[in-house]
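The values are calculated or read from the model by the stated rules, or taken from the named source; none is laboratory data. Just so you know, these numbers come straight off a predicted model, no measurement behind them. For neighbour counting, all protein chains shown are included, and Cβ atoms are generated from backbone atoms with ideal geometry for every residue, glycine included. The area values use the complete protein model at the heavy-atom level, side chains included, leaving out ligands, DNA and RNA. Shrake-Rupley method; radii C 1.70, N 1.55, O 1.52, S 1.80 Å.
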Amino acid sequence: MRVIQAGVGGFGLSWLYAVRESDGFEHVALVDPSPTALATAGEITGVGPERRFTSVEEAVATVGADGLIDVTPAPCHESTTITALEGGLHVLVEKPIADKMASAQAMVSAADRHSRILMVTQQYRYQDQPRCLRRLISGGAIGEIDHIVAEFQIHGLLFGWRRRMEHPFLMDMAIHHFDLMRYLLGRNAVRVTAQTWNPKVSNTDGDMGAFVWVEFEGGARVNYTGTFAAPGVDTGWNGRWVITGSRGSLVWNPRDEWGPIRLFRQDADLSQYREQQFFTPLPEPWGEPIWAESIGATGHHFDLYHWRACAETGTQPETSGRDNLHTLALTLAAVRSANTGRTVEVMRVRG
């Protein structure tokens, strides 16, 4: 697949290598306003100076390509992506799909209008363990889901446009976990209450910590805590999750050496108890360890292969632009809740 990549510095570097390392993909043009970033990307990809551009319009008009990977800042996604779609290219766009719902909807409409594939890089769900968890949940392993407690902590420094965002944690990190919530539950959010702040160890202008309470269709609730400012603490990028249903719990902790997924079955007949009772886990190793089967390519590589397969068959990706409107709606509702101090209803979107 011949691809143009727009945005080749910062996070764009990871996409340069992902494309280079994926079978059947080739960079045919690079776009970035920075001559230094273009030169570095050209050396990595082998794209010559004549196919390095500072304008998406010029790249699309000049170079024959099948698709465009949009790694520009979120406020630029609408313009960059629609230009590519109007030029007949399929688009793989970094999350968030856009910084405003109207922009995201315009992108989805353009993809429909030009019969092109628009896919969002919510690659956290494209990993072995989340796929395994989804199968366990949908298969009824712990019954009807009641609630989830999820925690994410990593210490990170942000630079460039992300450092100036109002809500860098919610819009650039928590959005991955919000998408995972939707994926694991198979439902969309209906309301959210959020509180955010900027820890004293943060290097950004915007808030890098959040407490978020989310209610989903069907009544499942999620208590989510996250921060990008936790020196010495590292949950891993997926975080730690406890998913509790009517017949047990699933504990997902990728850093657990005894097993990153543990199943706890609630098989007791609770109606037989006549006095107060607390169930305590046995000494380690405890629970029933579940080992996820490999799904092959994961992360950005899964993104690329899935995107190409959908472009070739004309089928919609799992994380299509239209489906991702629901993830963006939840994220923007969390931002509004944090800004207003109120519980916010999540916008209903067609999809």
Revision key, fill the gap. The helix 175-185 Cα axis meets the longest alpha-carbon principal axis of the chain at an angle in degrees, between 0 and 90 and rounded to 10, of 50 degrees
Check your understanding: Applying the Karplus parametrisation 6.51 cos²θ - 1.76 cosθ + 1.60 with θ = phi - 60° to the phi angles of the stretch 201-213, what ³J(HN,Hα) value in whole Hz is obtained for each residue in order, glycine and proline being reported as x?
Key -> 8, 6, 10, 10, 7, x, 6, 10, x, 8, 10, 9, 10
Point to revise | THR54 paired with GLU288, simple spin-label distance in nm, labels 7 Å along Cα-to-beta-carbon | key: 6.2 nm
Point to revise | Computed FRET value (nearest 0.05) for ALA106 with ARG336, which takes r as the C-beta separation and R₀ as 30 Å | key: 0.90
Exercise for review: For GLY248, enumerate residues with amide H under 5 Å from its amide H, sequence gap 5+ or separate chain, H modeled in the peptide plane.
Suggested key: GLN266
Check your understanding: In what order, largest first, do ASP267, ASP172 sit by accessible area if the probe radius is 1.4 Å?
Key -> ASP267, ASP172
Review point. Around GLY287, which amide H atoms from residues at least 5 apart in sequence, or from another chain, sit under 5 Å from its own amide H, with H modelled in the peptide plane?
Key: LEU282
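Considering only the chain, what is the antiparallel percent among its DSSP beta bridges, to the nearest 5? Kindly include the intermediate steps, with their values, before the conclusion.
On the way: 37 of 62 bridges.
The antiparallel fraction comes to roughly 60 percent.
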Check your understanding: Can you give the Kirkwood hydrodynamic radius of the chain from its Cα pairs, in Å with one decimal?
Key -> 21.4 Å
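How much of the accessible area of the stretch 1-104, probe 1.4 Å, is carbon plus sulfur, in whole percent? List each step's numbers first, then the result.
Details: 2080 of 3960 Å².
On the stretch 1-104, the fraction of accessible area on carbon and sulfur atoms equals 52 percent.
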Check your understanding: Could you give the dipole magnitude of the chain about its Cα centre, charging the beta-carbon of Lys and Arg +1 and that of Asp and Glu -1, in debye to the nearest 20?
Key -> 660 debye
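What are the equivalent ellipsoid semi-axes of the stretch 1-148, built from the alpha-carbon gyration tensor (square roots of five times its eigenvalues), in whole angstrom, biggest first? All intermediate terms of the calculation are to be shown ahead of the outcome.
Details: eigenvalues 198, 69, 37 Å².
Largest first, the stretch 1-148 gives 31, 19, 14 Å.
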Point to revise | Values of log10 I(q)/I(0), in the order q = 0.12 Å⁻¹, for the stretch 217-351 under a Debye, Cα-only, solvent-free model | key: -0.84
Check your understanding: Taking +1 at the Cβ of each Lys and Arg and -1 at the Cβ of each Asp and Glu, which of ILE154, PRO254, ASN188 sits farthest along the dipole of the chain towards its positive end, judged by Cα position relative to the Cα centre?
Key -> ASN188
